[in-house]
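Asks: Pasting a structure below so you can have a look.
Quick note: the coordinates plus some simple rules give every number you see, no bench work behind them. On a predicted model such as this, the values are computed, not experimentally measured, just so you know. Using ideal geometry, Cβ is built from the backbone for each residue, glycine included, and neighbour counts are taken over all protein chains shown.
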Amino acid sequence: MFIQYFCIKRINDTLENFEQLGVHKDLIKGLNELGIITPTDIQAQVIPLLLKSNHDLVGQAQTGTGKTAAYGLPLLHRIDPKFKEVQALVLCPTRELGQQVAKQLFKFTKYTEKIFTEAVYGGPQIERQIEALKRPTHIVVATPGRLIDLVHRKAIDIRNVKTLVLDEADEMLSMGFKKELDEIFGCLPKVECKWLFSATMPQGIKQIVNEHMSENAFRIEVSGRNVVNQNIEHQFLICEEGDKLHILMQFLKSEQQNRGVVFCRTRAATQKLAKQLAAKNIAADGIHGDLKQIERDKVMRAFKNQRLQVLVATDLAARGIDIEGLSFVVHYQLPDKDEYYTHRSGRTARAGKKGVSLCLVTSAEKRQIFHYEKVLRIGFTHIKQVR
């Protein structure tokens, strides 16, 4: 398969502004109001490419690098507001990410001709979403399972979709959506552009690219050192398993009012740690697979509204969390997969801010840190104690 490769780079150390990238002035007004003035690296590379062609595109982009605007702005350019049909699909792994993407697209279009976006996802009653889709809808942001359900019920017509976006494609695969993705690709007879974005490129993503992307697809290849956000300071501290809670408490004390996410590998560990922190008067709660959706939503609302300082989470439960202003990520237990470290650490240092990713490891786990350095091409600082 022939793929045209492009490397993200700065030109004369100065990134173009959005007008120079070709973004419509009415969209720029919306960006300015959101405080989005200077394009990120991936936006500077992707936006002009997608505005000028109908090519498929594979983009490697860590969360927090601005990829929603990178694909969202060209996507909005492709919408004909007068054509009252679904013209674009954005697939996301979780309801949280889907809601955030739909909200961003809505904000971008504040000063443009009305473009209607609807988010559909599992959890809420499907009947409400079916009613909402009866209104004129140009863009649908969906989780794969709910979209397939709506298609089977004939509650949504995606036959006129011309642009398909897969956001955080590796997460969708790790959550078991391969079958649904294959079916969705087969339901789009008029699709002209397929844009896939993924923080990592495991074998499953390469398979999707080979099966469903065109042979002349562009690929935006972020250099290895930029796959993990450069604004993240990666640290590790060696300790005994029984000392982790005490060290975590010291770290949280040093962070004062700063907020962040603490990751555990299992549901049981997440539940236990959340209770331990709450017992020590830390404003903390946990999310994991055993929670009902209404309970999960309650915890996430409290975290977003800053009533919680710390969210304790498993990897799958934290998928799609996109909250600005998080100062740290703590790996209380190391993840099962290398790409999970990338997803975890990407929860901090968003929108150009700095952040810390701290691993609490035993002596036997130290080799895993060296493995991350080699495979993910990032540097860790060995700290002896919490500052």
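Asks: Rank by packing, highest mean first: peptides 354-364, 119-129, 160-170, 238-248, with packing defined as the count of other Cβ atoms within 10 Å averaged across residues. Write out the running numbers ahead of the final one.
Replies: Numbers: 354-364: 18.9, 119-129: 16.4, 160-170: 23.5, 238-248: 14.6.
By packing density, highest mean first, the sequence is 160-170, 354-364, 119-129, 238-248.
Asks: So how much slack lies between ASN216 and PHE185, counting 0.36 nm per residue of separation and subtracting their Cα-Cα distance, in nm?
Replies: Details: separation 31, 0.36 × 31 = 11.16 nm, distance 1.76 nm.
Fully extending the segment from ASN216 to PHE185 adds 9.4 nm.
Asks: Can you tell me the dipole magnitude for the chain around its Cα centre, using point charges on the Cβ only (Lys, Arg +1; Asp, Glu -1), in Debye to the nearest 20? Each step should come with its number before you reach the end.
Replies: Numbers: 56 positive and 44 negative charges, 164 e Å.
Taking the Cα centre of the chain as origin, the dipole is about 780 debye.
Asks: Once Lys and Arg get +1 and Asp and Glu get -1 on their Cβ, which of HIS371, ILE383, LEU188 lies farthest toward the positive end of the dipole of the chain?
Replies: Farthest towards the positive pole: ILE383.
Asks: Right, something else. With only Lys, Arg, Asp and Glu charged, each at its Cβ (+1 for the first two, -1 for the last two), find how big the charge dipole of the stretch 228-382 is about the Cα centre; round to the nearest 20 debye. Don't jump to the answer; show the numbers that get you there.
Replies: Details: 25 positive and 17 negative charges, 75 e Å.
Roughly 360 debye, rounded to the nearest 20.
Asks: May I pose another question? Got the relative contact order for the stretch 221-305 handy, in percent, Cα pairs under 8 Å and 6 or more residues apart?
Replies: Working: 22 pairs, mean separation 12.7, N = 85.
Computed value for the stretch 221-305: 15 percent relative contact order.
Asks: While we're here: For LYS178 and LYS206, what does the FRET efficiency come to when R0 = 22 Å and r is the distance between their Cβ atoms, rounded to the nearest 0.05? Mind dumping the intermediate values first?
Replies: On the way: r = 13 Å, r/R0 = 0.57.
Step by step, r from the Cβ atoms, then E = 0.95.
Asks: Still on this structure: CYS239 to ILE294: FRET efficiency via 1/(1 + (r/R0)^6), r the Cβ-Cβ distance, R0 30 Å, to the nearest 0.05? Write out the running numbers ahead of the final one.
Replies: Details: r = 37 Å, r/R0 = 1.23.
Approximately 0.25, to the nearest 0.05.
Asks: So what is the calculated 222 nm ellipticity per residue for the chain, using -39500 (n - 2.57) for each DSSP H run with n of 4 or more, over all residues, to the nearest 500 deg cm²/dmol?
Replies: Rounded to the nearest 500, it is -11000 deg cm²/dmol.
Asks: Between LYS272 and GLU33, what length comes free when the chain is fully extended (0.36 nm per residue of separation minus the Cα-Cα distance, one decimal in nm)?
Replies: Working: separation 239, 0.36 × 239 = 86.04 nm, distance 4.25 nm.
The span from LYS272 to GLU33 would gain 81.8 nm if fully extended.
Asks: Still on this model: On a full-extension model of 0.36 nm per residue, what is the gain between LYS25 and LYS107, subtracting their alpha-carbon distance, rounded to one decimal in nm? Write out the running numbers ahead of the final one.
Replies: Numbers: separation 82, 0.36 × 82 = 29.52 nm, distance 1.43 nm.
Stretched out fully, the LYS25 to LYS107 stretch lengthens by 28.1 nm.
Asks: Please state the Cα pair-distance histogram of the stretch 18-73 with 10 angstrom bins from zero: what percent is in each bin?
Replies: Going out from 0 Å in 10 Å bins, the stretch 18-73 shows 23, 58, 18, 0 percent.
Asks: Now for a different question. Efficiency by 1/(1 + (r/R0)^6): what FRET value for ILE383 and LYS114, r their Cβ-Cβ distance, R0 = 41 Å, to the nearest 0.05? Each step should come with its number before you reach the end.
Replies: Numbers: r = 52 Å, r/R0 = 1.27.
For ILE383 and LYS114, the calculated efficiency is 0.20.
Asks: Beyond 28 Å between alpha-carbons counts as too far, so tell me which of LYS110/LYS194; LYS114/LYS354; LYS114/LYS178 fall in that bin. Please list the in-between numbers first.
Replies: Details: LYS110/LYS194 26 Å; LYS114/LYS354 36 Å; LYS114/LYS178 34 Å.
Correct reply: LYS114/LYS354; LYS114/LYS178.
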